[in-house]
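Notes to accompany the following structure.
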């Protein structure tokens, strides 16, 4: 009975991941390996809402979990597949991080706190000092988010990081270094969810 329950629970999470990936515009069919942490081999170009970020492929996607709760689907798009965090962070070209919220509601203050914690845990003191003045602008773009919301961080070399929530452009943070720092929140040495890190890298 316990084993059957585990199989059913895992299957339900796969269905959640599949539905959320469709909402993110991921057309590739996701199977059991996606939940385990292996992202699809490829993905479509990004939607016209981020016209400057074009012809990207899905590097990997997974579920951010906290205390057995599903918080959001996280998907990483790059212009080519990268299996290591160093390669993904250093890779030239446009990039995009897309989140589809699964949790009923997350307050703005909690969103900002999570971002700040992610930066502190994964950046050196020198890196933090380099983006500190821009963190206030980034935090000002946060909103209360709810189940079904879509959050995007679209990066264009030389054009900065554009933040959008449900298709509404919240603003742009200048500097290629800021997106590299943002990527480290998920791909750095101390991410909040190691399984999600591996999933976004397409590693199972």
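Out of 65, 55, I need the residue that is at pLDDT 50 or above, loosely packed, with under 12 Cβ neighbours inside 10 Å and either outside any helix (DSSP H, G or I) or within 15 Å of the chain's Cα centre (by Cα) (or both). Which one?
Numbers: 65 fails: loosely packed, with under 12 Cβ neighbours inside 10 Å.
Only one candidate passes the filter, namely 55.
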- Item | Residue that is surrounded by fewer than 17 Cβ atoms within 10 Å (Cβ to Cβ) and either touching a residue at least 24 places away in the same chain (Cβ under 8 Å) or more than 17 Å from the chain's Cα centre (by Cα) (or both), where the choices are 72, 103, 77 | 103
- Query: Got a number for residues in segment 160-174 being closer than 26 Å to residue 125 by Cα, out of contact with any helix residue (DSSP H, G or I) (no Cβ under 6 Å at 6 or more places or on another chain), surrounded by 15 or more Cβ atoms within 10 Å (Cβ to Cβ) and in contact (Cβ under 8 Å) with a residue 24 or more places away in the chain?
  - Reply: 2
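Check segment 177-193 and report whether any residue there is at pLDDT below 95 and not in a helix (DSSP H, G or I). Working first, answer last.
First pass over segment 177-193, keeping only residues at pLDDT below 95: 192.
Those left that are additionally not in a helix (DSSP H, G or I): 192.
For segment 177-193, residues at pLDDT below 95 and not in a helix (DSSP H, G or I): present.
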- Query: How many of the residues making up segment 158-168 are at negative phi and within 17 Å of the chain's Cα centre (by Cα)?
  - Reply: 5
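Answer yes if at least one residue in segment 131-143 is free of Cβ contacts under 8 Å to residues at least 12 places away in the same chain and in a loop (DSSP other than H, G, I, E, B), and no otherwise.
Step one: list which residues in segment 131-143 are free of Cβ contacts under 8 Å to residues at least 12 places away in the same chain, which gives 132-133, 136.
Keeping just the survivors that are in a loop (DSSP other than H, G, I, E, B) gives none.
No, segment 131-143 has no match at all.
Restricting the search to segment 135-159, which residues are buried (at least 17 other Cβ atoms within 10 Å of the Cβ) and within 17 Å of residue 185 (Cβ to Cβ)? Full working, then the answer.
Step one: filter segment 135-159 for residues buried (at least 17 other Cβ atoms within 10 Å of the Cβ), giving 135, 138, 141-142, 145, 149-156.
Within segment 135-159, 135, 138, 141, 142, 145, 151, 152, 153, 154, 155 meet the criteria.
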- Message: Can you find a residue that is part of a helix (DSSP H, G or I) and closer than 22 Å to residue 133 by Cα anywhere in segment 156-170?
- Response: no
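The values are calculated or read from the model by the stated rules, or taken from the named source; none is laboratory data. Remember, it's a predicted structure, so these values are computed and weren't measured experimentally. Every residue, glycine as well, gets a Cβ built from its backbone with ideal geometry; the counts of neighbours run over all protein chains shown.
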